[in-house]
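Participant: I have a structure I would like to understand better, so I am pasting it below and will then ask my questions one at a time.
Laboratory data are not the source of any read-out in this text; all were calculated from the coordinates shown. All values reported here derive from a predicted model rather than from experimental measurement. So basically every Cβ, Gly included, is an ideal-geometry build from the backbone, and we count neighbours across all protein chains shown.
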Amino acid sequence: SNLEAELAVYQKEKGTLEAIEKNLREEGDRLRRQITASEESLRQSNESNEMLKTKIAKQSSARDAVMTSAMKEKKHFEERIAKLEATHSEKEKSLSDQISKLQKELNDLQNELED
């Protein structure tokens, strides 16, 4: 009778331990699945970050190329403007000299007519 009671306690404890063991296995499996999902999410996030870094680098490079081109264009136009201003200034001086010369000739002719 005492042995039967001990056997019953043993079987009850064994059942409890098996239930605990089963719960622990299920919890371990659930945690492994969760870790795997987290690792996959992290991997995808890293891939996405790398793609964004690449895209940003390409955009930055393209922007730099556009800026370089724009600066060259600006310099080119500034040089052309400077040349045009110099040419304009030379033409203005030449015209001014011609006007002065013609005015002097006109004055000389008027003086001759008056004499």
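Participant: Could you please find all residues in segment 11-34 being under 59 Å from the mean Cα position of the chain (by Cα) and among the hydroxyl-bearing types (Ser, Thr, Tyr)?
Facilitator: Passing the criteria: none in range.
Participant: Please find, among Ala8, Ala62, Ala37, the residue that is among the small types (Gly, Ala, Ser), part of a helix (DSSP H, G or I), surrounded by 10 or more Cβ atoms within 10 Å (Cβ to Cβ) and over 47 Å from the mean Cα position of the chain (by Cα). Let's see the steps before the verdict.
Facilitator: On the way: Ala62 fails: over 47 Å from the mean Cα position of the chain (by Cα); Ala37 fails: over 47 Å from the mean Cα position of the chain (by Cα).
So the residue among Ala8, Ala62, Ala37 that is among the small types (Gly, Ala, Ser), part of a helix (DSSP H, G or I), surrounded by 10 or more Cβ atoms within 10 Å (Cβ to Cβ) and over 47 Å from the mean Cα position of the chain (by Cα) is Ala8.
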